[in-house]
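The values are calculated or read from the model by the stated rules, or taken from the named source; none is laboratory data. Just so it is clear, the structure is predicted and the values come from calculations on it, not from any experiment. Cβ: placed from backbone, ideal geometry, glycine included. Neighbour counts: every protein chain shown. Heavy atoms of the whole protein, side chains included, go into the accessibility calculation; ligands, DNA and RNA do not. Shrake-Rupley method; radii C 1.70, N 1.55, O 1.52, S 1.80 Å.
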Amino acid sequence: MHDIAFYYDPISPYAYLAFERLPEALMGHSVCVRYKPVLFAALLKANGQLGPAEIPAKRDWTYRQVGWLAQHHGVPLDLPAAHPFNPLALLRLGLATATDDAPGETNRYVTGQLFHHVWRGGQSATDAARLGALQALLQDHMVQRHKPWPDAQWPDSEAVKQRLRANTDEALALGLFGVPTLVVNGHSFWGLDALPMLRAYLDGDAWFASGAWDAAARLPVGVRRT
């Protein structure tokens, strides 16, 4: 069985599309997928990068491309009322459902609810009433699983905030710079378009044993911008 960590932030449409396409990419393989929310903005800051939505022309292209990719792959996608937005409330809601044996993980149902909140229906991702309805849905999910939800303020507790910090620090320690990133056996696969590469790795593609993976990291830098 392959253990796969799926690092994501629901602010990313590519992470949403990868989430929806992942079952097909993994079909036929025995896997355990661990969904791990991280703060994408923190990865960008640590690596000195702007997000796609922070560069005007790239922002327009991103929304056009994900719209096309969604219809190409048959995945429902509606742009939210405004983007980018602050995803902290969503990330904390998700991690409020994590259990003591996996405090940094959201199950596939919860992960899907976070993505659908943003990328289906074309509504505001930060609307208080919608966030309240999502919290009620997730609380009911926990009740059905016989798991505690201490109180209404639990998602804003220091314990939940620490779960998000720990996940983000873990991603940075692994050298991750964007979402979605899927990590398996020390190999990191970034982006929706990396799913075929991940599939090839799981299928035993000889390229991965050829030394080409490690050789890519040894290429000398020819020039640096100043």
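Across the range 21-54, which residue is nearest to residue 110 (Cα to Cα) among those that are touching a residue at least 12 places away in the same chain (Cβ under 8 Å), assigned to a loop (DSSP other than H, G, I, E, B) and not β-branched (Val, Ile, Thr)?
Taking the candidates together, the pick is 39.
What residue, of 155, 196, is at pLDDT 95 or above and more than 25 Å from residue 31 (Cα to Cα)?
Testing whether each residue is at pLDDT 95 or above and more than 25 Å from residue 31 (Cα to Cα) leaves just 155.
May I ask you to verify whether residue 170 is exposed (fewer than 12 other Cβ atoms within 10 Å of the Cβ) and acidic (Asp, Glu)?
no
Any idea which of 25, 53, 42, 57 is modelled with pLDDT under 95 and among the aliphatic types (A, V, I, L, M)?
Going through 25, 53, 42, 57 in turn, just one is modelled with pLDDT under 95 and among the aliphatic types (A, V, I, L, M): 53.
Counting only residues that are hydroxyl-bearing (Ser, Thr, Tyr), open to solvent by less than 80 Å² (accessible area, probe 1.4 Å) and more than 24 Å from the chain's Cα centre (by Cα), how many does the range 189-226 have?
Adding up the residues that qualify gives 1.
Check 94, 67 and return the single one that is part of a helix (DSSP H, G or I) and within 17 Å of the chain's Cα centre (by Cα).
Answer to the check: 94.
Please go through the range 154-179 and give me each residue that is touching a residue at least 40 places away in the same chain (Cβ under 8 Å), in contact with a strand residue (DSSP E or B) (Cβ under 8 Å, 6 or more places away or on another chain) and under 16 Å from residue 47 (Cβ atoms), ordered by number.
170, 171, 176, 177, 178, 179
For the range 132-145, does any single residue satisfy the condition of being under 19 Å from the mean Cα position of the chain (by Cα), surrounded by fewer than 16 Cβ atoms within 10 Å (Cβ to Cβ) and either among the polar types (S, T, N, Q) or not in a helix (DSSP H, G or I) (or both)?
No, the range 132-145 contains no residue that is under 19 Å from the mean Cα position of the chain (by Cα), surrounded by fewer than 16 Cβ atoms within 10 Å (Cβ to Cβ) and either among the polar types (S, T, N, Q) or not in a helix (DSSP H, G or I) (or both).
Suppose the filter is among the hydroxyl-bearing types (Ser, Thr, Tyr), surrounded by 11 or more Cβ atoms within 10 Å (Cβ to Cβ) and either farther than 27 Å from residue 89 by Cα or touching a residue at least 24 places away in the same chain (Cβ under 8 Å) (or both); does residue 124 pass it? First the steps, then the outcome.
On the way: among the hydroxyl-bearing types (Ser, Thr, Tyr): yes; surrounded by 11 or more Cβ atoms within 10 Å (Cβ to Cβ): yes; either farther than 27 Å from residue 89 by Cα or touching a residue at least 24 places away in the same chain (Cβ under 8 Å) (or both): yes.
Criteria met by residue 124.
Is it the case that some residue within the range 17-24 is open to solvent by 20 Å² or more (accessible area, probe 1.4 Å), under 27 Å from residue 101 (Cβ atoms) and not charged (D, E, K, R)?
Yes.
Please state which one of 76, 103, 84 is touching a residue at least 60 places away in the same chain (Cβ under 8 Å) and surrounded by fewer than 16 Cβ atoms within 10 Å (Cβ to Cβ).
Among 76, 103, 84, only 103 is touching a residue at least 60 places away in the same chain (Cβ under 8 Å) and surrounded by fewer than 16 Cβ atoms within 10 Å (Cβ to Cβ).
Restricting the search to the range 62-97, which residues are of a type in the set (Phe, Trp, Tyr), under 16 Å from residue 116 (Cα atoms) and out of contact with any helix residue (DSSP H, G or I) (no Cβ under 9 Å at 6 or more places or on another chain)?
Result: no residue meets the conditions.
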